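K.L.:
Dropping the structure in here first, questions after.
The values are calculated or read from the model by the stated rules, or taken from the named source; none is laboratory data. All of these numbers come straight from a predicted model, not from anything done at the bench. Here the Cβ positions follow ideal geometry from the backbone for every residue, glycine too, while neighbour counts run over all protein chains shown. These accessible areas exclude ligands, DNA and RNA; they are computed on the full protein's heavy atoms, side chains included. Shrake-Rupley method; radii C 1.70, N 1.55, O 1.52, S 1.80 Å.
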Amino acid sequence: MEKKDLRIVFLGTPDFAVESLSRLVDGGYNIVGVITMPDKVAGRGHKMFQSPVKQYALEHGLKLLQPANLKDETFVSELRSLNADLQIVIAFRMLPEVVWSMPPMGTFNLHASLLPKYRGAAPINWAVINGDTETGVTTFFLKHEIDTGDIIQQRKIDISRTDNVGTVHDRLMMLGADMVIETVDAIIAGEVKPISQDLLCNQGIEPTPAPKIFKETCRIVWNQPAEKVYNHIRGLSPYPAAYTEITNDEATYSIKIFETSQPIVSQGIAPGELRFDGKHLTIGCADGALEVLSMQLSGKKRMSAAEFMRGFSLAGYRAE
C-alpha cells in the first residue's frame, strides 16, 4: 500500500498534536478526517475557544468532526463512513472501544513518556517534578486500559537540570512528530513488531502514574527539601505554574513562581521565610533556599523578582 492510499483519521486537541498532523499533511499522507474537542468558552472575554487542531484542520480544508459524546450513534456512524484504515491519537481523550477498534490496521497513540512509565494525563510534568534525567515518546496500539497497549516505537531525550516542562514539551513535540511518521511508514511496510508492556514490567520497569494536574498540585510546600521544591516549580513552568501565598496579619497575596535558582545551601533561613537584600529575593526551604527569578502576582504580568520588589514591601510577610 502507498501512503496516499492509506486512509487516516487523526484525533487530537493541543499544539503538541498539531506538529504531527502538519507533518502528515505536508508528507502527502491521506488524512480523511480530523476529530477534536468541541469549542468551549474560555478567557476573561468569554470568547469561544477553538482547539489548535481545529484551527489547523480548517486552514487546510480537512474534514472535521467535534463530537461531545464519542459513543453517540450519529458520530460513530459518520466516523465509520470515513472508512479509515488507521487512526492516530495524540493528546485527546480516552476513546471507547467502538472507536479505537474500528479501523482494520488499528489505532495508535503518541504518548509523551517512556511507557510503562508515566501513564496518564500529565507525563511531561511528572517526569520533571520527580527530577528524572530522561524521558521520551512512545507510540503504542490502544487497548482497554489507558496507556497500557503494546509498544510500537520509543525514543529518548535527556532532561537537564535547567529544563522546565515547556522546554521538554517542545523537544518531545518535535521528536514525537518524527516518530509518528516513522510509525505510519512501518505499519504501511508491515514491519511493526509490537512489544507488550507486561513484558517490560516483568523485566523490572515499574509502571508509574502521571495524573492530571489540579490547582492543589501546583501549591508549593516550602517545608520540603529545596531540591524537591526546585523540581516542582520547573515541572509546572510555564503552565499551569506553581504558586504560593505570601501573607501577614493584614493581607494575603497569591503569587505564581516560574523560575528559581538551583538550590542554595543556606543556614538560618526557615521554610517559607522571605528575604530581600536589595537585589535578590530568597525563600527558605527545609534544608536551604531558592532565589526567585521570575514571578507573577495574581492579576498582574509576569516579571522578575527585582521588578516585583520595587513596588512591594516584605515586612511581616512569609510564604505559605
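K.L.:
Could you tell me the relative contact order of region 172-320? Use alpha-carbon pairs under 8 Å, at least six residues apart, and round to a whole percent.
P.N.:
Values: 231 pairs, mean separation 30.6, N = 149.
It comes to 21 percent, rounded to a whole number.
K.L.:
Which loop GluC sites (Glu not before Pro) in region 208-249, with loop taken from DSSP, have no more than 12 other Cβ atoms within 10 angstrom of their Cβ?
P.N.:
Working: sites: E216, E227, E245; in loops: none.
Hits after loop and neighbour filter: nothing returned.
K.L.:
Let me ask something additional. What FRET efficiency would be calculated for the residue pair S254, K4, taking the C-beta separation as r and a Förster radius of 45 Å, to the nearest 0.05? Could you put the intermediate results ahead of the total?
P.N.:
Numbers: r = 53 Å, r/R0 = 1.18.
Efficiency, from the Cβ-Cβ distance: 0.25.
K.L.:
Based on DSSP H runs of at least 4 residues, each adding -39500 (n - 2.57), what is the mean residue ellipticity at 222 nm of the chain after dividing by all its residues, to the nearest 500 deg cm²/dmol?
P.N.:
Details: 9 runs with 86 residues, N = 320.
Calculated mean residue ellipticity at 222 nm is -8000 deg cm²/dmol.
K.L.:
Another one. Keeping every protein chain present and rolling a 1.4 Å probe, give me the accessible area per residue for the chain in Å².
P.N.:
Working: 15740 Å² over 320 residues.
I get 49 Å² per residue for the chain.
K.L.:
Also, quick follow-up: Give me the lysines in straight-line cross-link reach of K71: C-alpha distance below 26 Å, same-chain residues under 8 apart excluded.
P.N.:
K40, K54, K63, K143, K212
K.L.:
Where nothing but the Cβ of Lys and Arg (+1) and of Asp and Glu (-1) is charged, how large is the charge dipole of the chain around its Cα centre, in debye to the nearest 20?
P.N.:
Numbers: 33 positive and 38 negative charges, 147 e Å.
My answer is approximately 700 debye.
K.L.:
Shifting gears a bit: Name the shape class, rounded, prolate or oblate, that the alpha-carbon gyration tensor gives for region 232-320, where a ≥ b ≥ c are the square roots of its eigenvalues, rounded holds for a/c under 1.5, and otherwise prolate holds if a/b is larger than b/c and oblate otherwise. Please report the intermediate quantities before stating the final value.
P.N.:
Values: a/c = 1.40, a/b = 1.06, b/c = 1.31.
It is rounded, given that a/c, with a ≥ b ≥ c, falls under 1.5.
K.L.:
In region 1-87, with Lys and Arg counted as +1 and Asp and Glu as -1 at Cβ, which of these residues, Q55, V25, L86, has the Cα nearest the positive end of the dipole, that is, farthest along it?
P.N.:
Q55
K.L.:
Out of the total accessible area of the chain (probe 1.4 Å, heavy atoms of protein only), what percent is carbon and sulfur? Each step should come with its number before you reach the end.
P.N.:
Details: 7890 of 15740 Å².
So the carbon and sulfur contribution to the accessible surface is 50 percent.
K.L.:
How far is it, in nm, from the label point at D178 to the one at V32 when both lie 7 Å from their Cα along the line to the Cβ?
P.N.:
Those two pseudo-labels are separated by 3.1 nm.
K.L.:
Another question, then. Excluding residues fewer than 8 places away in the same chain, name every one of the lysines whose C-alpha is closer than 29 Å to that of K279.
P.N.:
Within reach: K228, K256, K300, K301.
K.L.:
Extending each Cα 7 Å along its Cβ direction at I146 and F214, get the distance between those two points in nm, one decimal.
P.N.:
1.3 nm
K.L.:
Mind giving me the FRET efficiency for S298 and A186? R0 is 56 Å, r the Cβ-Cβ distance, nearest 0.05 is fine. Write down the numbers at each step before the final one.
P.N.:
Values: r = 49 Å, r/R0 = 0.87.
FRET efficiency, S298 to A186: 0.70.
K.L.:
For K156, give me every one of the aspartates and glutamates with a C-alpha distance below 19 angstrom, ignoring sequence neighbours fewer than eight places off in its own chain.
P.N.:
List returned: E19, D132, E134, D147, D170, D178, E182, E206.
K.L.:
A further question follows. What relative contact order, as a whole-number percentage, does the chain give when Cα pairs under 8 Å and 6 or more residues apart are counted?
P.N.:
On the way: 663 pairs, mean separation 42.3, N = 320.
Once normalised by length, the contact order is 13 percent.
K.L.:
Another question, then. What are the DSSP H helices in the chain that stretch 24 Å or more along their long axis, judged by alpha-carbon atoms, and whose average Kyte-Doolittle hydropathy comes to at least 0.5? Write out the running numbers ahead of the final one.
P.N.:
Values: long enough: 165-189 (35 Å, 1.00).
Counting only whole DSSP H runs, the qualifying helices are 165-189.
K.L.:
Sticking with the crude label model, points 7 Å out along Cα→Cβ, report the distance from E97 to I205 in nm, one decimal please.
P.N.:
2.6 nm
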